[in-house]
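Data block below; observations after.
The values are calculated or read from the model by the stated rules, or taken from the named source; none is laboratory data. None of the values given here were measured: they were computed from a predicted structure. Cβ placement follows ideal geometry from the backbone for every residue including glycine, while neighbour counts extend to all protein chains displayed. Surface accessibility is based on the protein's heavy atoms, side chains included, excluding ligands, DNA and RNA. Shrake-Rupley method; radii C 1.70, N 1.55, O 1.52, S 1.80 Å.
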Amino acid sequence: MALTEHAVTFNDAFAKHSARSHELFESALGVLPGGVNSTARTTYAGWDPYPLFAAGGEGPYLFDVDGHHYVDYLLALGPLMLGHRPQAVIDRVAAEVQRLGTMFALPYELEQHVARKFLQAVPSAEAVRFTNTGSEAVGSAVRLARAATGRQKLLRFEGHYHGWQDTVYWSNKPEPELAGPSEAPNAVPAGPGVPAGLADTLIICPWNDPESVERAFAAHGGEIAAVLTEPVMCNTGCILPDPGYLEFLREITRRHGALLIFDEVITGFRLSLGGAQGYYGVQPDLSTFAKALGGGFPVAALAGTWPVMRLIADGRYSHSGTYNANVVAMAAVDAALDELSRPGAYEELHRVGERLMVELRTRFTAADIPVQVQGLGPVFQVWFADRPIRSWRDAREYARTGSFRMFWEEMVLRGVLFHPNQFENLFISTAHADQHIDETLAALDDALPVLKARLAEGGAATK
Ligand SMILES: Cc1ncc(COP(=O)(O)O)c(C=O)c1O
């Protein structure tokens, strides 16, 4: 059958394209579980039959070990906001490490200099604590919200991801059979080992559905410590908040004495210098940052208003970490924020990304392949679906994940890289310019006839 021929053609082509990656993957399997160091890089997360092995990168390009270069929209899943190897950040990190060393378990002056820059950028932030990963920042935010309110329950949304800590590693992408009714879903642990008892601390709602949140507050108002949300849902493809939805979450949390936490690990310093809160003009009580903040270096932040952050200041809440605000992290943030503060940086990022989004829509429409290009210039997804996707349940029901995979296959062989999983995103960096969009579109023009034929042959199998 023709589909099988195409699949065989891809498998053969990919085997030739990435022989060294394959070799390295086979050898990694003996020492690294799954051959990699994070779930999103595994075969079962989409990198089947094996992930490409990176050999480096420069600006908007990633190089693989087989000698190819790709226009990179994976961008390390978001951190490479300035592209690969941004010289200003690397120079600053090297200079500060040479000057200071790497860490002290004592405060040092650079931390407060960087904190002031951060606070100037993030509208709701009156104080900030730096840490290392998004998961750490979110874990702290949730516990701090409980400490500040004296309440236990956390309201969060199906299809969002907030890191791997037990308190939030729930209902990321639950199977509907386990998750139950879409208007009032069950809390479903995202994997084994998560203590079942934590289910009692969670209220799960569908996103972009104010009524479900109203109902939850009507039933549990006095018990809810916080509402935790990605302000743009970037962990089920890309789904924008409906107009007024973030404002609604702000209002209802305030009305019930609960805190509003924005998990800006993806949106922070990406949608604008002030993150999603700056972009949408809605101010949470607490927010978490990572990824774009460090310009490619590992660093995260927990930011908040003084009434909440004072619990850390006076020792009622312990926020600790050996590596917090180490010199590498602080120098990276210092330089990254300088780069991102350049006049016009975000206007250009949005323009370039939106140009790509528009061109994708136009070309897919001309090819008569129904897709929904959803998101904003700096982060978006091409949904293979006939209707807009507004929630995890929509994504599960209407997204043609197999079709997306074919799109990925045809693009990766033509030098364009993004994550092969429909539920991830395409990211743009400040290093992406019109010429890189042109290259991407040339690859797409070449790929579309083949993709169209494959989709036509696949029929139902392309779901
Ligand atoms: C919204 C969000 N929160 C938290 C995290 C966890 O961050 P990290 O992987 O740095 O622990 C992620 C990671 O992708 C994320 O997308």
Which residue pairs have Cβ atoms closer than 9 Å, lie 6 or more positions apart in sequence or on different chains, and pair a first residue in region 74-90 that is open to solvent by 20 Å² or more (accessible area, probe 1.4 Å) with a second residue that is aromatic (F, W, Y) and away from the ligand (no atom under 16 Å from the Cβ)?
H84/Y61; H84/F63
Exactly one condition in (1) touching a Pro at 6+ places or on another chain (Cβ under 8 Å); (2) within 16 Å of the ligand (Cβ to nearest atom); (3) more than 27 Å from M81 (Cβ to Cβ) is false for F262; which is it?
(3)
So F130 ticks every box in (1) away from the ligand (no atom under 16 Å from the Cβ); (2) crowded, with 21+ Cβ neighbours inside 10 Å; (3) part of a strand (DSSP E or B) but one. Which box is left unticked?
(1)
Can you name the condition, by its number, that S171 falls short on among (1) on the phi < 0 side of the Ramachandran plot; (2) buried (at least 24 other Cβ atoms within 10 Å of the Cβ)?
(1)
Mind checking which pairs have a first residue in region 256-268 that is free of Cβ contacts under 8 Å to residues at least 24 places away in the same chain and a second that is assigned to a loop (DSSP other than H, G, I, E, B) and open to solvent by 10 Å² or more (accessible area, probe 1.4 Å), Cβ under 7 Å, 6 or more apart or different chains?
none
Report, by residue number, each residue of region 210-236 that is within 15 Å of the ligand (Cβ to nearest atom) and among the hydrophobic types (A, V, I, L, M, F, W, C).
A226, V227, L228, V232, M233, C234
Scanning region 21-35 for residues that are within 10 Å of Y50 (Cα to Cα) and within 26 Å of the chain's Cα centre (by Cα), the one most open to solvent (accessible area, probe 1.4 Å) turns out to be G34
Here the residues within region 284-324 that are within 11 Å of the ligand (Cβ to nearest atom) and among the aromatic types (F, W, Y) are F289
Inside region 114-127, the number of residues satisfying the requirement of being in a helix (DSSP H, G or I), over 21 Å from the mean Cα position of the chain (by Cα) and touching a residue at least 24 places away in the same chain (Cβ under 8 Å) is 3
Looking only at region 164-173, decide whether some residue is touching a residue at least 12 places away in the same chain (Cβ under 8 Å), under 25 Å from R255 (Cα atoms), among the aromatic types (F, W, Y) and in the same structural domain as E136 (by TED's automatic domain parsing).
no
Residues located in region 370-387, provided they are open to solvent by 10 Å² or more (accessible area, probe 1.4 Å) and over 17 Å from the mean Cα position of the chain (by Cα)
P370, V371, Q372, D386, R387
How many residues does region 364-383 hold that are in contact with a helix residue (DSSP H, G or I) (Cβ under 7 Å, 6 or more places away or on another chain), assigned to a loop (DSSP other than H, G, I, E, B) and in contact (Cβ under 8 Å) with a residue 40 or more places away in the chain?
4
Scanning region 187-198 residue by residue, those surrounded by 14 or more Cβ atoms within 10 Å (Cβ to Cβ) and either of a type in the set (S, T, Y) or not in a helix (DSSP H, G or I) (or both) turn out to be A187, V188, P189, A190, V194
Taking P420 and the conditions (1) open to solvent by less than 10 Å² (accessible area, probe 1.4 Å); (2) assigned to a helix (DSSP H, G or I); (3) touching a residue at least 24 places away in the same chain (Cβ under 8 Å), which numbered condition does it fall short on, given that it satisfies the others?
(2)
Would you check if there is a residue in region 51-73 being surrounded by 22 or more Cβ atoms within 10 Å (Cβ to Cβ), at pLDDT 95 or above and within 16 Å of the ligand (Cβ to nearest atom)?
yes
Given the conditions (1) within 30 Å of A184 (Cβ to Cβ); (2) without any contact (Cβ under 8 Å) to a residue 40 or more places away in the chain, and given that D438 satisfies all but one, which numbered condition is not satisfied?
(1)
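Give the residues of region 133-186 that are assigned to a helix (DSSP H, G or I) and within 16 Å of the ligand (Cβ to nearest atom), sorted by residue number. Step through it out loud before you land on a result.
Residues of region 133-186 that are assigned to a helix (DSSP H, G or I), as a first pass: 134-149, 176-179.
Listed by number, the residues that qualify are G134, S135, E136, A137, V138, G139, S140, A141, V142, R143, L144, A145.
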